[in-house]
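Student: Structure below; questions to follow.
The values are calculated or read from the model by the stated rules, or taken from the named source; none is laboratory data. Since we're looking at a predicted model, the values are computed, not measured. Every residue, glycine among them, receives a Cβ derived from its backbone with ideal geometry; neighbour counts consider all protein chains shown.
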Amino acid sequence: MNKRFDILWNDFLEGELDAAGQTELQQLTTADPSLLSVAADRYQQHTLLGFIHRENPDASEAFIADTLGKIPASGESFTSSTISRIHPPNIVSFKKRFLPALSAAAVLLLGFILFRSIPSSSPAGIPTAAAPAVAQLILAEDCEWHPDFLHLYEGQSLAAGPIALKSGSAVLRFEGGAELVLTGDTRIDLLSGNSSRLTRGRVVVRADNGAEGFVLETPASEFVDLGTEFSVRVSPSGSTRLQVHEGKVSADSKIITAGHGLVFDDSESKTSRSEEVAADAPRFQDMIRRANPRERRDLMLAYEGFFMKEGPYSATDLNDGHGWAGPWRERNTPDSDQSGPLQLAIRQGKMNAPWPVRGGRLGALELPSGHHSIMRPLEKPIDLSKSGNTFISFMIADGSAGSSAGDIVLTLRSSRQSDRAKIGFGWAKSRAPLVRSSDGKISRGTRHVPTGSTIFCVGKISRSADGTDLIRFRCYNPAETLHFLEPAEWDVDTHRIDLGAKLDIVEITTKSASSICLDEIRLGPTWRSVVPLDLDKFQ
Amino acid sequence: MQLPPSPLSKIPGNRPRAAAIDSRHHVTRPFLKMTDSELDRLIDRSKRSDMDAFGEIVRHFERPLRSWIASHCPPGVQADEIAQETFIAAHRRLDQFTTGTRFHSWLFTIARYQLMTETTRRRRIADYHTRFGPELIDRELERRADTRLPEEVTDRLEALRHCLGELGERGRELIRWRYDDAIPLREMADRTRRSEGAIKKNLFTLRQKLQECVEGRLAIQGGAA
């Protein structure tokens, strides 16, 4: 047996394996697949030892009680449980005066209306930020939501609950990886990160790359995606049509393959008939093309394109763009090594960007070698105490290929709490994308940003009502396409405790042996408001 | 509402398996046996919104399901949360289950999907593997979840329990410190007046012994079957 493997795996089980050990372990198991089986055996025994030692009747009963407590109550108990949760004094007096005179149906209606009117809780059945998210609304194009349900916004994280679209097109990405596009008059209930119920309308589901197993329930039957793409339409009368476009779907105790479908004439009979699917039946991509998603530069909160003539400038000369409360200015820190005014420059043609931006072609900011910091105030601060999303994007070209490149970080911070509330996106000498926050934590990705290339960077700050912030960061090299859908995978994906501040300063800090070019700084509430999209390259 | 008679007392020849005994694990429960007809009745009652009946179903499958999920959960995934989601999903879809078919297989299929969903979601976090361990082990655990029967985990659990009872007192104490009390290595070293390295090596040796014992017992049981 491999002694080195024994030592490393033992360290892993004891929680003492460092990054170098991780890498070595990965290499050993790749080189000798039999070690993988040994590792899995030992890991499984390890978890079973933990299970045995945690086991006792009290813990089991607690698990059982907790599980049963999470199962939704039946419809008959809705009224009494809803009414019993409403306690504000004005509601109590209203109840005392009028409740005896109301019929059961009116009580139900009253409970629904009162429950909806309480500002701190959500309308009945509406996904709330406090409950765990099961999906994200990654595209909302010309959407009109049903008036009885909340208006949803692109980028919103959704908990389990109903979604009712009146018109337009929307794309959901479930936590399990499946994506679903819905159009027109459609109502679905989000059940979990891997399941949903279609009550009315039309959806197309795409589930691959590990997202197989997605379950779509309908009044007539349940469809399980076995690694595929399929569409389902449920009419107001309850008839249901399944069409499999690619792969396989399990339905009505059958496996339906690509090019085939099932029709249930109504939801009561539960019997189906087979049919062929037309080759030109609209698929996932077709549905999105029809929606004609476009950039949303109209939603940008701030923009800096450095559209100025080539030549030297001081920071305060640079006062272009929109969404700013003043020009750029230098920030002299104890670490910066400039004596005298910082010599900046606008250069043209320095960036080689394949994406549909004018970046670099019509001017980019060049920061000289050394350690420098410049900042600019925002007109509209980012309020971390309010739920929502903020995206920031920028382009960087630093060093030549193979050169020892430096550090660059774009930081959003608060002017009132200097050097405290801040979120930074960039990379250091290791070239691993990183997120740095004011609690001192640095989260790094595992990929590396290449030198000598123009890099497109996107940061995302998601703020939720329960106080936790989610911060994500992704760097694109020129070979990568910018999709109009927010990516499922980010280079850095990290959680933070609520920072609660208002970020109103954008700061650029560089530390490099060579000059660095920066361009196209965009700030906005959605992915499409900050990312330039080339729909000709849509995949 | 009257609960069904205890499956242990009423079914001839249906004796519960004896559990391996560690003097401290006196609360170990044998795996309850339930006939198919008992289970079908509970399922039918559960379909009629009888939560007591569904509670009995959860009680019956709680241990084998949690242990199966625990043994196939990659690092960083909470096994009991997956187990809960499985039971909740099963309750929600009870009307889709045909009474008389294998509920056990149906339930574990749901568990596989729940585990797969959570594992996939975690994997999409780009720095997940730098924090939680090699990707290859995830894939191997996933492969085992798809190809191995849930009963194999139950058998392994029983064998492990027996083998724990065969360790010496000092060995059982060290294992208990590690897995029950979650005492850090440094404290274990202080308590025994040995080095951390010696403790780590001791734990490795104990785990090896347990592994050999378990494989031996499973081989004997497999041969006897």
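Student: Take the range A:199-218 and flag every residue that is surrounded by fewer than 19 Cβ atoms within 10 Å (Cβ to Cβ) and within 9 Å of chain B (Cβ to nearest Cβ).
Tutor: Of the residues in the range A:199-218, the ones surrounded by fewer than 19 Cβ atoms within 10 Å (Cβ to Cβ) are A:199-200, A:208-210.
Result: A:Asn209, A:Gly210.
Student: Would you check if A:Ser221 is surrounded by 18 or more Cβ atoms within 10 Å (Cβ to Cβ), small (Gly, Ala, Ser), within 14 Å of another protein chain (Cβ to nearest Cβ) and under 21 Å from A:Ala178 (Cα atoms)? Spell out how you get there, then give the answer.
Tutor: Values: surrounded by 18 or more Cβ atoms within 10 Å (Cβ to Cβ): yes; small (Gly, Ala, Ser): yes; within 14 Å of another protein chain (Cβ to nearest Cβ): yes; under 21 Å from A:Ala178 (Cα atoms): yes.
Here the answer is yes, as A:Ser221 does meet what is asked.
Student: Need a quick list: helices (runs of 4 or more DSSP H) entirely within the range B:38-125 having at least 2 residues that are in contact with a strand residue (DSSP E or B) (Cβ under 9 Å, 6 or more places away or on another chain) and facing chain A (nearest Cβ under 8 Å).
Tutor: Here the list reads B:79-92, B:103-123.
Student: Do any strands (runs of 3 or more DSSP E) entirely within the range A:436-528 hold 3 or more residues that are polar (S, T, N, Q), and if so, which?
Tutor: A:502-512
Student: Still on this structure, please answer the following. If only one of B:Arg207, B:Arg191 is on the phi < 0 side of the Ramachandran plot and within 11 Å of chain A (Cβ to nearest Cβ), which one is it?
Tutor: Matching residue, one of B:Arg207, B:Arg191: B:Arg207.
Student: Can you tell me which of A:Phe63, A:Phe5 is part of a helix (DSSP H, G or I), touching a helix residue (DSSP H, G or I) at 6+ places or on another chain (Cβ under 7 Å) and touching a residue at least 24 places away in the same chain (Cβ under 8 Å)?
Tutor: Selected residue: A:Phe5, the only one of A:Phe63, A:Phe5 that is part of a helix (DSSP H, G or I), touching a helix residue (DSSP H, G or I) at 6+ places or on another chain (Cβ under 7 Å) and touching a residue at least 24 places away in the same chain (Cβ under 8 Å).
Student: Is there a residue being farther than 14 Å from B:Ile137 by Cα and at the interface with another protein chain (Cβ under 7 Å from one of its Cβ atoms) anywhere in the range A:33-49?
Tutor: Scanning the range A:33-49, I find at least one residue that is farther than 14 Å from B:Ile137 by Cα and at the interface with another protein chain (Cβ under 7 Å from one of its Cβ atoms), so the answer is yes.
Student: Of (1) touching a Phe, Trp or Tyr at 6+ places or on another chain (Cβ under 9 Å); (2) more than 23 Å from B:Glu118 (Cα to Cα); (3) buried (at least 21 other Cβ atoms within 10 Å of the Cβ), B:Ile183 satisfies all except one. Which?
Tutor: In the conditions (1) touching a Phe, Trp or Tyr at 6+ places or on another chain (Cβ under 9 Å); (2) more than 23 Å from B:Glu118 (Cα to Cα); (3) buried (at least 21 other Cβ atoms within 10 Å of the Cβ), B:Ile183 misses (3) alone.
Table: residues versus (1) closer than 19 Å to A:Met287 by Cβ; (2) more than 14 Å from every other protein chain (Cβ to nearest Cβ); (3) among the polar types (S, T, N, Q); (4) touching a residue at least 60 places away in the same chain (Cβ under 8 Å).
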| site | (1), (2), (3), (4) |
| --- | --- |
| A:Leu137 | yes, yes, no, no |
| A:Phe149 | no, yes, no, no |
| A:Tyr153 | no, yes, no, yes |
| A:Ser192 | no, no, yes, no |
| A:Arg197 | no, no, no, no |
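Student: Out of all the residues in the range A:174-199, which are over 15 Å from A:Leu216 (Cβ atoms) and within 15 Å of the chain's Cα centre (by Cα)?
Tutor: At the first step, the residues of the range A:174-199 found to be over 15 Å from A:Leu216 (Cβ atoms) are A:175, A:183-185.
Listed by number, the list holds a single entry, A:Glu175.
Student: Going through the range B:107-136 one residue at a time, which ones are at pLDDT 80 or above and out of contact with any Lys or Arg (no Cβ under 9 Å at 6 or more places or on another chain)?
Tutor: Quick first cut of the range B:107-136, residues at pLDDT 80 or above only: B:107-115.
Residues satisfying the conditions are B:Leu107, B:Phe108, B:Thr109, B:Ala111, B:Arg112, B:Tyr113, B:Gln114, B:Leu115.
Student: Mind checking whether some residue in the range A:51-73 is modelled with pLDDT under 80, surrounded by 11 or more Cβ atoms within 10 Å (Cβ to Cβ) and more than 7 Å from chain B (Cβ to nearest Cβ)?
Tutor: Checking the range A:51-73: at least one residue is modelled with pLDDT under 80, surrounded by 11 or more Cβ atoms within 10 Å (Cβ to Cβ) and more than 7 Å from chain B (Cβ to nearest Cβ).
Student: Considering the range B:202-217 alone, what residues qualify as being surrounded by fewer than 16 Cβ atoms within 10 Å (Cβ to Cβ) and in contact with a helix residue (DSSP H, G or I) (Cβ under 8 Å, 6 or more places away or on another chain)?
Tutor: Within the range B:202-217, just B:Lys209 meets the criteria.
Student: Please go through the range A:529-539 and give me each residue that is assigned to a loop (DSSP other than H, G, I, E, B), modelled with pLDDT under 90 and not polar (S, T, N, Q), ordered by number.
Tutor: A:Pro532, A:Leu533, A:Asp534, A:Phe538
Student: Restricting the range A:164-188 to residues that are touching a residue at least 60 places away in the same chain (Cβ under 8 Å) and within 14 Å of chain B (Cβ to nearest Cβ), which is farthest from A:His146 (Cα to Cα)?
Tutor: Filtering the range A:164-188 for residues that are touching a residue at least 60 places away in the same chain (Cβ under 8 Å) and within 14 Å of chain B (Cβ to nearest Cβ), the one farthest from A:His146 (Cα to Cα) comes out as A:Gly177.
Student: Additional query: Does the range A:204-227 hold any residues that are closer than 19 Å to A:Phe264 by Cα and in a loop (DSSP other than H, G, I, E, B), and which are they?
Tutor: Of the residues in the range A:204-227, the ones closer than 19 Å to A:Phe264 by Cα are A:204-205, A:215-225.
The answer is A:Thr218, A:Pro219, A:Ala220, A:Ser221.
Student: Oh, and also: Any residue that is among the polar types (S, T, N, Q), within 15 Å of B:Ala145 (Cβ to Cβ) and at pLDDT below 90 - is there at least one of those in the range B:82-101? Give the steps one after another, and end with the answer.
Tutor: Keep residues of the range B:82-101 that are among the polar types (S, T, N, Q), which gives B:84, B:86, B:96, B:98-99, B:101.
Applying the additional criterion that residues be within 15 Å of B:Ala145 (Cβ to Cβ) yields B:86.
Imposing the further condition that a residue be at pLDDT below 90 reduces the set to none.
No; the residues of the range B:82-101 include none that is among the polar types (S, T, N, Q), within 15 Å of B:Ala145 (Cβ to Cβ) and at pLDDT below 90.
Student: Which of the residues spanning the range A:8-21 are among the charged types (D, E, K, R) and in a helix (DSSP H, G or I)?
Tutor: Hit for the range A:8-21 is A:Asp11, nothing else.
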